[in-house]
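Undergrad: My structure is below; once you've seen it, I'll send some questions.
Laboratory data are not the source of any read-out in this text; all were calculated from the coordinates shown. On a predicted model such as this, the values are computed, not experimentally measured, just so you know. All Cβ positions, glycine included, derive from the backbone under ideal geometry; neighbour counts span all protein chains shown.
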């Protein structure tokens, strides 16, 4: 099943897709949908599949946005870090998010803007102190996110947050593919292109901490709830690690794609 | 004016206090109250002042919880850090919060639990790209928070989040005192006691980045909205910096007090 949110008639509406059939549901987004325990059996109206350009972020205001850093072997190597013993976790808030084809807003205060294509977990049920089996059960599905980063601000202090949470810089979507249809451990291609040039080409088989391992680890210290999301880190090929370093130019088209899910296609527009 | 949220009749209700008069307002908490542009003129019912033990956190689910690290000269010195050029910002989510007299939940997974008494800013109006004068205008008022920290988890990775966001470990309140009645730059005493023994005794005059400076800095990269809160860092005297190191024992009473606002009084109870 694929779950998403479409903009139409001046508002937003959740939809699901089973096989080739699109059903529009009585909820404003997937966040609202997941708040209903009976969401899987909700009736809706069948209709034409939404156009890519009409999609909003699947969940408009996730309760928690968590991100793993340094979670691909090849990326840890390119930034000169040892393979970590524990997941590195940082956060975003909903102000950072935009939809799958929305403009990414490039700040006037920095030109060191970098890409980070990331497989992203969407939580489907409340979970705390989970082992990996229970964590796997709590995963609703997977989506795509680009953790567009302001590298000079990220490096100003030990904490990366101020490089990671600029307004309207983090595109995600286009849809959530449920876990029964997708297995990241089998190796899904993760790609990022800037103006048509491929910058990242990794595989989720290279993840240091798997999706269930991340959910289990985080659930040791906090409760995860339906609609929370976890970006699982980026593969090699970020601009920061290139020689010479590369940044996203204003006006560029940023494409972020994961096999079996779909792609984000965002214009990076000066503030 | 003092603003708070009381638990009564199985629900919660916002109240304000002007002089000696308590008025109960038609909102479930101060977060809901602030979402109404006319909140300052809302009518309510006068009543007896609420008892300390009946208070909930002033805002039940703040949209954003931001925290400054290394923001007192004496604390930067005790942990061996230079005076920072930029504020260090990290985050919490609402799962971490408890009210001013609620139990703090001590995790089974660590015994290295530390105290951090903190003056906390509450945002009153939407603000982005603010200079310090505009930032000052956006501050609704001030409250008290204890950023109870799990030091071994905090130190596992470069990012502190996993030591800072354990469920139900961060007490705050008891009320928000509006900015017209309180001036942190004049120097308010910030105190923390564990089982009646004073551990921290600082003054907000020792802040490296003032409250308006923090709001202005954060607003450069993200929009702050009514009900967002910013914990401004802790003064010297944390357990981590003591020789030998000290931690909060399970069962301890933790008292956190700021001059002109009031105190938190929380029992630290094993999970």
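Undergrad: Consider all pairwise Cα distances in region A:91-138 and report the whole-number % of them above 12 Å.
TA: 78 percent
Undergrad: Also, quick follow-up: If I take every Cα pair under 8 Å that is 6 or more residues apart in chain B, average their sequence separation and divide by the length, what percent do I get for the relative contact order?
TA: Reported as a whole number, the value is 25 percent.
Undergrad: Next question, about the same structure. What translational diffusion coefficient, to the nearest whole µm²/s, does region A:205-271 have by Stokes-Einstein, given a Kirkwood radius computed over alpha-carbon pairs, a temperature of 37 °C and 0.692 mPa s viscosity?
TA: Calculated translational D: 216 µm²/s.
Undergrad: Here is a further query. Hey, got the Cα dimensions of region B:161-211 along the principal axes, in Å, largest first?
TA: Largest first, region B:161-211 extends 33, 24, 23 Å along its Cα principal axes.
Undergrad: On to the next question. Using a label position 7 Å from Cα in the Cα→Cβ direction, what is the ascending list of nm distances from residue B:267 to the same site in the other copies?
TA: Label-point distances to the other copies, shortest first: 6.1 nm.
Undergrad: Taking a label point 7 Å from Cα toward Cβ, how far is residue A:220 from its twins in the other copies, in nm, shortest first?
TA: Copy-to-copy label distances for residue A:220: 3.6 nm.
Undergrad: If you project the alpha carbons of the protein assembly as shown onto their three principal axes, what span does each projection cover, largest first, in Å?
TA: Answer, in whole Å and largest first: 65, 51, 46 Å.
Undergrad: With r as the distance between the Cβ atoms of residue A:243 and residue A:181 and R0 = 45 Å, compute the FRET efficiency 1/(1 + (r/R0)^6) and round to 0.05.
TA: Calculated value: 0.70.
Undergrad: Here's another thing I want to ask about it. Averaged over A:88-96, how many beta carbons belonging to a partner chain fall within 10 Å of each residue's beta carbon?
TA: 6
Undergrad: Kindly rank A:175-181, B:144-150 from highest to lowest mean number of other beta carbons found within 10 Å of each residue.
TA: So the order, starting with the most tightly packed, is B:144-150, A:175-181.
Undergrad: I've got another one for you. Okay, helix-only estimate at 222 nm for the protein assembly as shown: each DSSP H run of n ≥ 4 adds -39500 (n - 2.57), divide by all residues, round to 500 deg cm²/dmol; what do you get?
TA: Value at 222 nm, helices only: -3000 deg cm²/dmol.
Undergrad: Out of all Cα-Cα pairs in chain B, roughly what percent, to the nearest whole number, are more than 32 Å apart?
TA: When all Cα pairs of chain B are counted, 18 percent exceed 32 Å.
Undergrad: Something else: Could you work out how far apart the two model spin labels at residue A:77 and residue A:103 are, taking each label as a point 7 Å from the Cα in the direction of the beta carbon, and quote it in nm?
TA: Result for the modelled spin labels: 4.0 nm.
Undergrad: Calculate, in nm to one decimal, what residue B:18 and residue B:270 gain on full extension: separation in residues at 0.36 nm each, minus their alpha carbon distance.
TA: That works out to 86.9 nm of additional length.
Undergrad: Based on the mean of other beta carbon atoms within 10 Å per residue, what is the order of A:24-36, A:109-121, most packed first?
TA: The densest-packed peptide leads the list: A:109-121, A:24-36.
Undergrad: Hey, could you pull the Cα Rg and Dmax for region A:1-85, both in Å?
TA: Just the Cα atoms of region A:1-85 yield Rg and Dmax of 17.7, 52 Å.
Undergrad: If I model a spin label as a point 7 Å beyond the Cα along the Cα-Cβ vector, how far apart are those points for residue A:9 and residue B:48 in nm?
TA: It works out to 5.2 nm between the two label points.
Undergrad: Something else about it: Binning every alpha carbon pair distance of region A:137-267 at 5 Å from zero, what are the percents per bin?
TA: Histogram of Cα-Cα distances, whole percents per bin: 2, 9, 17, 22, 21, 16, 9, 3, 0.
Undergrad: Name the chain A residue nearest the rotation axis between A and B, going by Cβ position, and give the distance in whole Å.
TA: Axis-proximal residue of A, distance in whole Å: A:91, 2.
Undergrad: Cut-off is 10 Å between beta-carbons; in what order do B:182, A:214 appear when sorted fewest neighbours first?
TA: In order of increasing Cβ crowding within 10 Å: B:182, A:214.
Undergrad: Another question, if that's okay. Considering only A:201, A:186, A:54, give the residue with the highest GNM mean-square fluctuation for chain A, with springs between Cα atoms whenever their separation is below 10 Å.
TA: Residue with maximal mean-square fluctuation among A:201, A:186, A:54: A:186.
Undergrad: Separate question: Note the distances from residue B:44 to each other copy's matching label point, with points 7 Å along the Cα-to-beta-carbon direction, in nm, sorted shortest first.
TA: 4.1
Undergrad: Arrange the following residues from fewest to most other Cβ atoms within 10 Å of their Cβ: B:207, A:240.
TA: Placing the least packed residue first, the sequence is A:240, B:207.
Undergrad: Counting only other chains, and only Cβ atoms inside 10 Å, what mean value do you get across the residues of B:41-51?
TA: Mean number of neighbouring Cβ atoms from other chains: 0.
Undergrad: For peptide B:161-168, how many partner chain Cβ atoms fall within 10 Å of a residue's Cβ, on average?
TA: Taking the mean over all residues of the peptide, I get 5.
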